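Below: the structure, in structure tokens.
The values are calculated or read from the model by the stated rules, or taken from the named source; none is laboratory data. Just so it is clear, the structure is predicted and the values come from calculations on it, not from any experiment. So basically every Cβ, Gly included, is an ideal-geometry build from the backbone, and we count neighbours across all protein chains shown.
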Number of protein chains: 2
Amino acid sequence: MRSHYCGTIDTGFIDQTIELCGWVHRRRDHGGVIFVDLRDRSGLVQVVFDPDRAEIFTQAERIRSEYVLRVEGRVRHRPEGTVNPEMPTGEIEVLATGLEVLNASETPPIQLDEYHADVNEELRLRYRYLDLRRPEMQQRLRTRAQVTSTLRRFLDDQGFLDIETPILTKSTPEGARDYLVPSRVHPGEFYALPQSPQLFKQLLMMSGMDRYYQIARCFRDEDLRADRQPEFTQLDIEASFIDEAELTALMERMIRELFREVLSVELPDPFPRLTYDEAMQRYGSDRPDLRVPLELVDVKDLMQDVDFKVFAGPANDPNGRVAALRVPEGAKLSRKEIDEYTKYVGIFGARGLAYIKVNDWATKGREGLQSPILKNLPDAAVDGVMERTGAVDGDLIFFGADKTRVVNEALGALRVKLGHERGLAEDAWRPVWVVDFPMFERDEKTDRWQALHHPFTAPGEDQLELLASNPGACKSRAYDLVLNGTELGGGSIRIHREEVQRRIFELLQISEEDANDRFGFLLTALKFGCPPHGGIAFGLDRLVMLMTASPSIRDVMAFPKTQAAACPLTGAPAAVDQAQLKELALRLRATS
Amino acid sequence: MRSHYCGTIDTGFIDQTIELCGWVHRRRDHGGVIFVDLRDRSGLVQVVFDPDRAEIFTQAERIRSEYVLRVEGRVRHRPEGTVNPEMPTGEIEVLATGLEVLNASETPPIQLDEYHADVNEELRLRYRYLDLRRPEMQQRLRTRAQVTSTLRRFLDDQGFLDIETPILTKSTPEGARDYLVPSRVHPGEFYALPQSPQLFKQLLMMSGMDRYYQIARCFRDEDLRADRQPEFTQLDIEASFIDEAELTALMERMIRELFREVLSVELPDPFPRLTYDEAMQRYGSDRPDLRVPLELVDVKDLMQDVDFKVFAGPANDPNGRVAALRVPEGAKLSRKEIDEYTKYVGIFGARGLAYIKVNDWATKGREGLQSPILKNLPDAAVDGVMERTGAVDGDLIFFGADKTRVVNEALGALRVKLGHERGLAEDAWRPVWVVDFPMFERDEKTDRWQALHHPFTAPGEDQLELLASNPGACKSRAYDLVLNGTELGGGSIRIHREEVQRRIFELLQISEEDANDRFGFLLTALKFGCPPHGGIAFGLDRLVMLMTASPSIRDVMAFPKTQAAACPLTGAPAAVDQAQLKELALRLRATS
């Protein structure tokens, strides 16, 4: 029906007759001539309808925005003064010699041209097929397709086999709520939708598949936070006879190739590595944004004997932390700005935000500092802080003093916020591997050990003794890939011996009965020659969101759900017939 | 952990030291030496443990089938007389110089070597991770991965965008039962799992995406027939501004490239085409197996005046058919064989299977024929049959006479069975497009029109008038790709005008309310500039099953369900907690 795409026509086509199909992006009448910007996936081209060709012109008078046209025309230079250098096709126009209106359109409820105001998201989702016509959205989905195809080609070439795992399956161990699917054939029983293919990919390693990947749909029935979706996509990878060094090196190559292919960006080689402990120490976070150069500095030992209880308390608490954060040129911060930051750290439980402004330390020493807390700090403490932070005149030092968790969360978040707001962050891609995670963290509510990753993560090879003696100190063989403060992916070398797996379940206080019930098939499989193996999973939606600089993962999915897990386009979820429920042996329960 | 894969070692490695990882496929002790066939994804290699190396030998004495080993060794020629030409690595062996037992294995409950007897399928599925270690299963999944990657590369290169559509969605229109997913956020409401991405891919065309594909998981809660699965995979494709000629030509190229790449088979170019009417006429089926040269021949007009009621009845019924099927050299068939075939056509409702054996027509004419029905047929009828079928001495002619549907099904199936059993079928790949399908078929139970494909299939451009005057005669723009009697894929040009879509719904007696309720979003979308578009979907499981000559689609899926829609490995589906049901506002209903 067409000879070319609209956006590909340039001066190389002058005097050629071409056929185009597309949508009326804009129509203007000027000097008795009708101008139409015709749009398809590739871009826009200007089509001119001249009144000399009466029949076509009459037809063209009827066309409106979003009409679907087939146009035959001759390519010509635009008249002098009308060339549009902003447009790839801006030097030419197409004089229509034939026109077929393939379909009409009512006036669209949302505007599609680049001048569109920010449209209500509910409306965008309801008319998603219009929203997706916007060049910006087209570009995002195109980039997403390019990302998946680049990743697949890399993995295919590395001998990974794309293998599909079931969607209708049994509860998986991620711990969020499962979506359930009632079975008609087995009344009263349910399938669960997988939160990840974790157990299946381990089973595939036990199946001798050696290298597996899948771009896998995953499901979590979570209370929807800002940027979560009931279904999301992950690039899921697993390999046998491999250790963490080999696996992370291969994944780095993949991500480097991805950024090179899709964004023409060269990422560092190798990616830097941080231990979990170091990340928490320096950045207060296990997903540090390395674009921000600010770092947390420990001053706990300096504050143990000070009178100031706000500092001395946490400084003498084994679970406490006192840390400083130097803000270059922060002395300029106003009272009001400092109040805002104080409010911000409050979100993370910090009860205040002490600071020192370094106005003139160089010549006046202590007299050159300005701070409400200064009177409470002896010289030794002040000198120590100045030395460790390396503060110079014009800087400001923030302090966090509380339980370690609170200080890390509060100063970690403040660090990132300050970095970006104060123009201190690099404009760069800064990937980092975080490694040597603890195996367990203490659940404060239940006072039990919890797996920091998941219960199939292997402990470090030299850490097995700690499992018994000091589980909290035991490091795992997990690794997370973090990019600009976002976790792109996480994985681990897995447990491949049944007895280790059973010990981990015990530590997690999963009873033998419960373990057999939930993971019995895995425990059985471990008896029959499980190879050493490990893997990783990348959040594809989040990766594409970062790469396209989109404000939300909803913007990189064709048909996302709202934050209430509904689809305004199709109306899902919806009520169903009583007859259907009866077939499934279900009844609705009245809800209050 | 390893330097090479087992199956890749050949005489090029002689005297090299290599490291291998894999499973003990077989262990034999011979002349005081231990021989192990070590297996990984790539194949087998023979490893030799020599008693000269006492430490390793002692370790090797412990190893059993399916132990996981890491072996270091030197490659050497096998001694004369022990070369195994059946094995790619059969000229060499690896003399072990190092051994690490990475994992032990209990005795596997199913045998994995090539001598294994046919194991009970339930057991194979329960221990799927063992079953999948068998080279045959490895090869099937590897071919499947190669198939998907070849298809993806072709479509990527043709500008198709891989776009994901939702799994949690609304009922789709395929007509089988949907799997439902209760919503916790919206109590009493349900998502449905898609039977296909049909409506979403049409919406993507309305979104201007132009060319889409997806390897999409689909779900149907059907009563499970021989070779169906609750979830299956389809290669789903849609394109805009395209007609059936262009689309089918592109798909042919894709399938040709697939067979060339994966099987080194050259398929015909172009694929032959049959109209639906011709397919039914000649093969009694709209998915004819063209490897079988036999054809149905109409003899209805010859039988209208015969005394034989079995023929005359259908011959005078407008819905009846009388057809003959010539079987070359069929005169050899025994009474017993004919009885078997008679029983076989009974499955399809045929009440008998009349025949004529052509013993000596050349010299004796009618006297040379042998048949229980001969006495009932006048000369004209016999002469007509002989002429039309082109029967020669030694042949046999079968007859079908009944409602057209019964004759087509019975003789169509008999044709295929005879062809394969009597050695008449070619050993070849015989693809064929079937086109010009009727838009509708009459549902005999409800006496209503039903869409032969689905209600979004466009009627032929010259067929619109028939929609009103004679819907049964109206042809659609659908096309099916058939390979060796199996439907590989089916698709159509879709309706892109709202008024046509509404007329089709009316004809199908879908009330306006019902149409709006189920497909309102599609009808709305059609108002806003829907481009002409069409597409196709291929059943990936079935395609791979054909290409790997597997007995079942379960053999080309990593973790299939049983015919009772259960997974013996994980135990899905399973009972769930009352608390979970309560959260979903559901109660179980007692079933009798």
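Here are the numbers:
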read-out	value
When residues of segment A:353-403 are limited to those that are part of a helix (DSSP H, G or I) and hydrophobic (A, V, I, L, M, F, W, C), the one nearest to residue A:302 (Cα to Cα)	A:381
Segment A:436-475: number of residues that are touching an Asp or Glu at 6+ places or on another chain (Cβ under 8 Å), of a type outside the set (D, E, K, R) and assigned to a strand (DSSP E or B)	2
Complete set of residues in segment B:180-196 that are touching a residue at least 40 places away in the same chain (Cβ under 8 Å), within 7 Å of chain A (Cβ to nearest Cβ) and in contact with a Ser or Thr (Cβ under 9 Å, 6 or more places away or on another chain)	B:187, B:188
Total residues in segment B:150-179, condition modelled with pLDDT of 95 or more and either more than 7 Å from chain A (Cβ to nearest Cβ) or in a helix (DSSP H, G or I) (or both)	11
Residues located in segment A:478-536, provided they are among the hydroxyl-bearing types (Ser, Thr, Tyr) and more than 9 Å from chain B (Cβ to nearest Cβ)	A:479, A:486, A:492, A:511
Subset of segment B:549-562 (residues that are more than 10 Å from chain A (Cβ to nearest Cβ) and not β-branched (Val, Ile, Thr))	B:549, B:550, B:551, B:552, B:554, B:555
Subset of segment A:559-577 [touching a residue at least 60 places away in the same chain (Cβ under 8 Å) and either surrounded by fewer than 21 Cβ atoms within 10 Å (Cβ to Cβ) or part of a strand (DSSP E or B) (or both)]	A:562, A:563, A:564, A:567, A:568
Qualifying residue in segment B:536-549 (condition: assigned to a loop (DSSP other than H, G, I, E, B), modelled with pLDDT of 90 or more and assigned by the TED database to the domain that holds residue B:249)	yes
Failed condition for residue A:72, given (1) among the acidic types (Asp, Glu); (2) in contact (Cβ under 8 Å) with a residue 12 or more places away in the chain; (3) assigned to a loop (DSSP other than H, G, I, E, B); (4) not assigned by the TED database to the domain that holds residue A:197	(3)
Residue in segment A:287-301 that is assigned by the TED database to the domain that holds residue A:403 and farther than 26 Å from residue A:434 by Cα present	yes
Out of B:476, B:469, sole residue that is closer than 25 Å to residue A:2 by Cβ and either among the polar types (S, T, N, Q) or touching a Cys at 6+ places or on another chain (Cβ under 9 Å) (or both)	B:476
Verdict on residue B:32 being in contact with a Pro (Cβ under 6 Å, 6 or more places away or on another chain), loosely packed, with under 13 Cβ neighbours inside 10 Å and not hydroxyl-bearing (Ser, Thr, Tyr)	yes
Set A:84, A:120: member being farther than 28 Å from residue B:165 by Cβ, surrounded by fewer than 19 Cβ atoms within 10 Å (Cβ to Cβ) and more than 7 Å from every other protein chain (Cβ to nearest Cβ)	A:84
Per-region count, segment B:492-512, residues outside any helix (DSSP H, G or I) and either within 16 Å of the chain's Cα centre (by Cα) or among the polar types (S, T, N, Q) (or both)	3
Top-ranked residue of segment B:1-24 - restricted to ones that are farther than 16 Å from residue B:99 by Cβ and within 14 Å of another protein chain (Cβ to nearest Cβ), ranked as nearest to the chain's Cα centre (by Cα)	B:7
Selection from segment A:129-142 of residues that are of a type outside the set (Phe, Trp, Tyr) and either free of Cβ contacts under 8 Å to residues at least 40 places away in the same chain or within 7 Å of chain B (Cβ to nearest Cβ) (or both)	A:130, A:131, A:132, A:133, A:134, A:136, A:138, A:141, A:142
Residues of segment A:375-404 satisfying the condition of being more than 25 Å from residue A:424 (Cβ to Cβ), of a type in the set (A, V, I, L, M, F, W, C) and surrounded by 15 or more Cβ atoms within 10 Å (Cβ to Cβ)	A:377, A:381
Cross-chain or 6+ apart pairs with Cβ under 7 Å, segment A:513-529 first and at positive phi, then part of a strand (DSSP E or B) and buried (at least 16 other Cβ atoms within 10 Å of the Cβ)	A:529/B:23; A:529/B:68; A:529/B:103; A:529/B:105
Residue satisfying all of: in segment A:49-69; closer than 26 Å to residue B:205 by Cα and assigned to a strand (DSSP E or B); nearest to the chain's Cα centre (by Cα) among these	A:68
Any chance residue A:191 is in contact with a helix residue (DSSP H, G or I) (Cβ under 6 Å, 6 or more places away or on another chain), among the aromatic types (Phe, Trp, Tyr) and assigned to a strand (DSSP E or B)	no
Residue list for segment A:505-558, restricted to those being surrounded by 23 or more Cβ atoms within 10 Å (Cβ to Cβ) and of a type in the set (Val, Ile, Thr)	A:536, A:544, A:556
Answer residue from segment B:346-374, given it is in contact (Cβ under 8 Å) with a residue 12 or more places away in the chain, of a type in the set (Lys, Arg) and surrounded by fewer than 17 Cβ atoms within 10 Å (Cβ to Cβ) and is farthest from residue B:324 (Cα to Cα) among those	B:366
Residue B:29 being farther than 25 Å from residue A:526 by Cα and assigned to a loop (DSSP other than H, G, I, E, B)	no
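Okay, residues lined up against (1) among the hydrophobic types (A, V, I, L, M, F, W, C); (2) within 15 Å of residue B:7 (Cα to Cα); (3) at pLDDT 95 or above:
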position	(1), (2), (3)
B:81	no, no, no
B:104	yes, no, yes
B:109	no, no, no
B:114	no, no, no
B:120	no, no, no
B:127	no, no, yes
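Rundown of residues vs (1) buried (at least 21 other Cβ atoms within 10 Å of the Cβ); (2) under 17 Å from the mean Cα position of the chain (by Cα); (3) assigned by the TED database to the domain that holds residue A:544, yes/no style:
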position	(1), (2), (3)
A:215	no, yes, yes
A:222	no, yes, yes
A:231	yes, yes, yes
A:234	yes, yes, yes
A:242	yes, no, yes
A:253	no, no, yes
A:261	no, no, yes
A:265	no, no, yes
